[in-house]
1. Quick check on my filter: what residues within the stretch A:120-168 are closer than 27 Å to residue A:81 by Cβ and among the acidic types (Asp, Glu)?
2. Out of the residues in the stretch B:107-136 that are small (Gly, Ala, Ser) and open to solvent by less than 10 Å² (accessible area, probe 1.4 Å), which is farthest from the other protein chains (Cβ to nearest Cβ)?
3. I'd like to check something: does the stretch A:172-182 contain any residue that is over 30 Å from residue A:359 (Cα atoms) and either charged (D, E, K, R) or open to solvent by 10 Å² or more (accessible area, probe 1.4 Å) (or both)?
4. Given the residues B:155, B:73, B:96, which is the only one that is away from chain A (no Cβ under 14 Å), in contact (Cβ under 8 Å) with a residue 40 or more places away in the chain, in contact with a helix residue (DSSP H, G or I) (Cβ under 9 Å, 6 or more places away or on another chain) and closer than 28 Å to residue C:227 by Cα?
5. Only one of (1) of a type in the set (Ser, Thr, Tyr); (2) more than 14 Å from chain D (Cβ to nearest Cβ); (3) surrounded by fewer than 18 Cβ atoms within 10 Å (Cβ to Cβ) is not met by residue C:360, so which one is it?
6. Which condition number in (1) in contact with a strand residue (DSSP E or B) (Cβ under 8 Å, 6 or more places away or on another chain); (2) closer than 27 Å to residue D:210 by Cα is the one that residue D:321 fails?
7. Anything in the stretch D:122-152 that is without any contact (Cβ under 8 Å) to a residue 40 or more places away in the chain and not polar (S, T, N, Q)? List them, or say none.
8. Within 16 Å of the chain's Cα centre (by Cα) and either among the aliphatic types (A, V, I, L, M) or under 24 Å from residue C:168 (Cα atoms) (or both): does that describe residue C:197?
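The values are calculated or read from the model by the stated rules, or taken from the named source; none is laboratory data. Fair warning: this is a prediction, and the values are worked out from it, not measured in the lab. Cβ placement follows ideal geometry from the backbone for every residue including glycine, while neighbour counts extend to all protein chains displayed. Keep in mind that these areas ignore ligands, DNA and RNA; they rest on the heavy atoms of the full protein, side chains included. Shrake-Rupley method; radii C 1.70, N 1.55, O 1.52, S 1.80 Å.
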Protein chains: 4
Amino acid sequence: MAKISMLGSGFIGRFYADSLQGQRSRDKIVSIYSRREESAKKFAEDYQVAHWTTEMEASISHPEVEVVCISLPNNLHEAAVLLCCKHKKGVICTKPLGRNAEEAKRMMEAVEKAGIFNGYLEDLVYTPKFLKALESVQNGALGRILWAKSRETHPGPHSEWFWDKEQAGGGCILDLGCHCVEIARSFIGKDIKPVEVMCWADTQVKPIDAEDHAIGLVKYENGAIGQFEVSWTFRGGLDLRDEVMGTEGTIWVNSFLRTGFEMFTTGKGADYVAEKAESNTGWLFPVGDELNELGYNHMFTDMFNSMESGKPARETFYDGYVVNAVLDAAYRSAKSKLWEPVQLDVWRGKTGVEKGKGYTEYDEQYYLVKEEMTHFGAKKVILKDKKSGQIIEKTL
Amino acid sequence: MAKISMLGSGFIGRFYADSLQGQRSRDKIVSIYSRREESAKKFAEDYQVAHWTTEMEASISHPEVEVVCISLPNNLHEAAVLLCCKHKKGVICTKPLGRNAEEAKRMMEAVEKAGIFNGYLEDLVYTPKFLKALESVQNGALGRILWAKSRETHPGPHSEWFWDKEQAGGGCILDLGCHCVEIARSFIGKDIKPVEVMCWADTQVKPIDAEDHAIGLVKYENGAIGQFEVSWTFRGGLDLRDEVMGTEGTIWVNSFLRTGFEMFTTGKGADYVAEKAESNTGWLFPVGDELNELGYNHMFTDMFNSMESGKPARETFYDGYVVNAVLDAAYRSAKSKLWEPVQLDVWRGKTGVEKGKGYTEYDEQYYLVKEEMTHFGAKKVILKDKKSGQIIEKTL
Amino acid sequence: MAKISMLGSGFIGRFYADSLQGQRSRDKIVSIYSRREESAKKFAEDYQVAHWTTEMEASISHPEVEVVCISLPNNLHEAAVLLCCKHKKGVICTKPLGRNAEEAKRMMEAVEKAGIFNGYLEDLVYTPKFLKALESVQNGALGRILWAKSRETHPGPHSEWFWDKEQAGGGCILDLGCHCVEIARSFIGKDIKPVEVMCWADTQVKPIDAEDHAIGLVKYENGAIGQFEVSWTFRGGLDLRDEVMGTEGTIWVNSFLRTGFEMFTTGKGADYVAEKAESNTGWLFPVGDELNELGYNHMFTDMFNSMESGKPARETFYDGYVVNAVLDAAYRSAKSKLWEPVQLDVWRGKTGVEKGKGYTEYDEQYYLVKEEMTHFGAKKVILKDKKSGQIIEKTL
Amino acid sequence: MAKISMLGSGFIGRFYADSLQGQRSRDKIVSIYSRREESAKKFAEDYQVAHWTTEMEASISHPEVEVVCISLPNNLHEAAVLLCCKHKKGVICTKPLGRNAEEAKRMMEAVEKAGIFNGYLEDLVYTPKFLKALESVQNGALGRILWAKSRETHPGPHSEWFWDKEQAGGGCILDLGCHCVEIARSFIGKDIKPVEVMCWADTQVKPIDAEDHAIGLVKYENGAIGQFEVSWTFRGGLDLRDEVMGTEGTIWVNSFLRTGFEMFTTGKGADYVAEKAESNTGWLFPVGDELNELGYNHMFTDMFNSMESGKPARETFYDGYVVNAVLDAAYRSAKSKLWEPVQLDVWRGKTGVEKGKGYTEYDEQYYLVKEEMTHFGAKKVILKDKKSGQIIEKTL
């Protein structure tokens, strides 16, 4: 049983609480901190939390608390983490870890120095679909991974602080790109170094300083490419999709808008409002169990099982730091219009990995370019002469 | 915390156990009964169960046990239930409740007389998609429900006892139709009486005595129609789909084969075997989290929350009995080729419900038949004269 | 080049004309007949037809006309056909052929006696998806066909005469069921006799005399089952789906609402109206090329190629007659609540076909019930003893 | 009626011929040229072409020929075009027009100088889905277009010359990117200037000199972004998808692998081979009518209707030239790793277009950032102060 201090009572804090105390969970939030008294009280009441406070340290240091869950705006993560270090409480922190890699690195170094359990709440690498997809990739079902794309776009976040660059640290790249980068990185291999980033970003629609739309390519040391597509200007709901290409296969995951649940309503029957949809009539695409589909349940299970067994979580502050370093390069690239190197002072994976290569032998003289069935049922091969480089075609 | 005796260590018992003790659950299987010692021991080891036995009563009467989970072949349900009554332990029983309504009724009467908690483990009315769909229907998003179809077909069950009519009590109608009937009944309204059933059934492919394919229509007192499509001869995996039509809307649910997760693999990369799929190369459609998608998690949560709060579960032995009564009528119909009445000695819902009707008024003289936009952007109405019955068309 | 007289200038006549004279077609409508002068003139103008008239016979007998296309309300088909016989003009007639089998039979006998080319315009067995699916079925990709379902539901037809039982001859069974019956019959085999029909039908919503919702099962002599689901009360657009189950495979076809074209619009941008959709904002599912997707192009190509080469079309008046005979049985069944025999005075297919059977041999002693991979990677078989009937399980 | 000389009898020439002479077309191939006599004869026989030759000029200059259809390897386009100019025959040329913009420009200038009809056979902007999507975009259903992505990936082309950089002029960027660029350009507006390109390209799998995988971003003068994703290393079939984001809506088009036609086959029934699929068992996704779905029918209709009415086709050599210029920039960028300007000596669209902007007014003091419904049913707005730049939240 984990006894939790929740920092923050907003949209994400409540979502986390629904998961933490949902189903038949043995875990319990024992203290809630919110800047506003009214909000802290309401949360305490709704989730039957014994202790509430408007002082962050009072919650963290509360004697019953074993682990602190940070659900605060990005600019408040570091201070909270440092208090956890001071009081030697385990800490799990929402995404992105920092507003930039420097901040993230300080947090990582602090928790490691303090020797406390630390987990990075990157829920989208804990969705059931992702976990099964990753298992297939790791089993080799897709062969060598060539490209992994993750897309998260929607009509914009719910709380006002996201739209303020100072508090948030950036726009949709930071808010959504952090998910996409870690998804692609996981498929390609978390031990493979991300080396450089090319990113386009623009503020196309919203009256804000930060970007509301961006696309980036992340090149890994083994030649694989990660791609992110993020936006706060998408119309139609929450678009969450991943695609992976390998030499032997393909994966397509749709995590939200097309999951096998489709509803049409004229709206005459009732004041029905579909959650998070942009409309409440016509064809709607609800998600059955958002908490589970978004990975919260499996994420907290990994966090607390790891904590209780003394092992690191699948996602630690180190992962949060790597993600921030990639996003920093993306921001630099969006400005410089160049491929920008990923600056990783700390790197714990492989180094010097060579580019994957896999020419298929046909025979001593030829490489196989392609093999296919012709319309006439015969097998045709396209071959390349290893020496001359000439391409020929043979029907077998 | 629920302390459970599990009766049966086969496919379904293990599936239940994965859910019961999965994620961060506070519930615990404290005793396992299996007919075969080897199987009981293995289960106890795998799920860290303190007590195992090959005597059913020893498990049920075990002092730590609060509630008994029956995961046995159909012909063993009744004996197990009677032992639970004898020892005053709560009981939750897998589907179908009985091999027929008579058996189910005896079980229902026994648990009610004994005053013990009873739950009917009809998981498919607990899937997250179903629960959200039902909520929309109950909110009126679809208007008056006209028709609800549920389809479950696959290439046949895993264990041999299913294929033996004596143990199973029937073929795919009993095995799969029990799900479909309760799904449709839930959408139409569990207080609306199912009145008669027409069913076609045949043994088209398998060398067995029971049916391997059937289609049935269930007429409810309010004129709504439930439809079930069940088969053990389907090729391509597990096809689980529901459809609902109402006067104001439509719901389509695909619970297994198309849920937003698609994978192609040449099979060269690895010996990957996709669970429950009929093939392990080409395009595959895995399900992210089977336990959750199949409703197990939400089902056990309802069961134990209900038990702990002293309320009846959403699905009780009474529901199991109603389902058996509908299936009995289906079997009779498949033989007699007639619409057969559903015989319900016990009925706790509404009676004398009239057929739903909803002519739309247009004005004093006319009913509205249809309204549509013409190609020219004008609104057109088709009307019926209330008195003369004449149909006319008007462009507005 | 085919020179066509078009009888009828309504919705379906225009749809046909768009196909007949569409793309780079060499065919030409040379005469248009409409009951209303204004409508005839408008059609002539829109489609550049040289001759228009309000007298049916004048169009049919027009010297340039080679073939007559009947696009009239159901109650006017027979008279038009008889005029074609009189003037020895080829005739192609929209669906359903007659309001009942008697009428259809008279038309069939008339055209055959007159020796004129006759085609039955059942477009949905000419859709590109259907044609390719049928080819796969005929190649054996699905093994022995067990069941073929076709569903057509929408919010009701466009023209007022459909809603008038006298003119239309019936409700959605006749209007939509004719498509579904011929689709299922084609998959099962047009030479296999449909023997009996069970049908439920009701008027659940609309203020009309005919049925607005029906479901039917058609049993064929070889034991295969055709199923139709038809309604004028569906909400959400035009739902056109087919499913086929065979011993070796499955086919799912969605012809309209989910064809790989999805659009979301707030509706703010423009007064955009999506054709045939029930709404013009939110998620919409347009069809790229309705004429092609609905089979019109391939249908007319078959008709005129057949006519020019002196061969019968794939769909003749005989097929229309068989369909009407099946629908007659459906109407009788909806009233009698019995499986009603299909009365076919004329039957040109096989007779005395035995029920398909395909027990799979395992060895001398056993039939194979099922074969599957266990979780442990071993192969498991479920077998039935040929003599004792006992079911056993073996892990190999 | 168009009388056509076909240059080239390979895969694409046959595909074109199937469309040109398909259905009830009035057009006719009157001469076929192929480098190999055997191939020319075979084509003439299969398509009933009166004249065949192995001399290109003999076919072009054949007196019956009105229009020449170039279906040759990329390096032979220019010579063929010049002969058409010489003989004043109309010319339609397969994609890409040239191996680079220089070549394309020479062709464009030659046909314009000669005053002959010229069409660029970019079929994918003629698919029925694309045409309807474009119409919606042009009607304003999506508001201002922000981003248009087109993806074409498959396991590699059929003929050997594609794999030879000299003949083909490049790899998958040239072969597939030409489609994607014109699709995105069409959605964004063909009168909007593409200004610069960023492209990643690599040879990840195939033993060839050219790229087998590439991703590119094309920036347009109005700030909109076109994106192409192309590969010859994709596993699973032909992946053809487009996506468009606008301020008021979204479009998703799947043109090949998910079009509402799904088949599962064990392969036991027959030697069925699904066309173009990578496997012939398991789940397969055939396309109903490839010729129509790939745009050939609508493309040739536009070409010949335009030619006959003396109007330019929707796609002319000028468009082919613009596409080549964009692809040239992509190739330069893949090498330089910089955003490369699109060099367009000839530009016939708008110039000096400003970046689209569309801040939504809320009132005198504020811009609207976002509006949404809260869980409590209240409307919430997020606003930005026009002067201070401060972001605030208001519940109404």
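1. A:122, A:123, A:152, A:160, A:164, A:166
2. Looking at the filtered set, the residue picked out is B:119.
3. Yes: one or more hits.
4. Numbers: B:155 fails: in contact with a helix residue (DSSP H, G or I) (Cβ under 9 Å, 6 or more places away or on another chain); B:73 fails: closer than 28 Å to residue C:227 by Cα.
Selected residue: B:96, the only one of B:155, B:73, B:96 that is away from chain A (no Cβ under 14 Å), in contact (Cβ under 8 Å) with a residue 40 or more places away in the chain, in contact with a helix residue (DSSP H, G or I) (Cβ under 9 Å, 6 or more places away or on another chain) and closer than 28 Å to residue C:227 by Cα.
5. Unmet for residue C:360, out of (1) of a type in the set (Ser, Thr, Tyr); (2) more than 14 Å from chain D (Cβ to nearest Cβ); (3) surrounded by fewer than 18 Cβ atoms within 10 Å (Cβ to Cβ): (2).
6. (1)
7. Correct list: D:132, D:135.
8. So residue C:197 does not fit the description; no.
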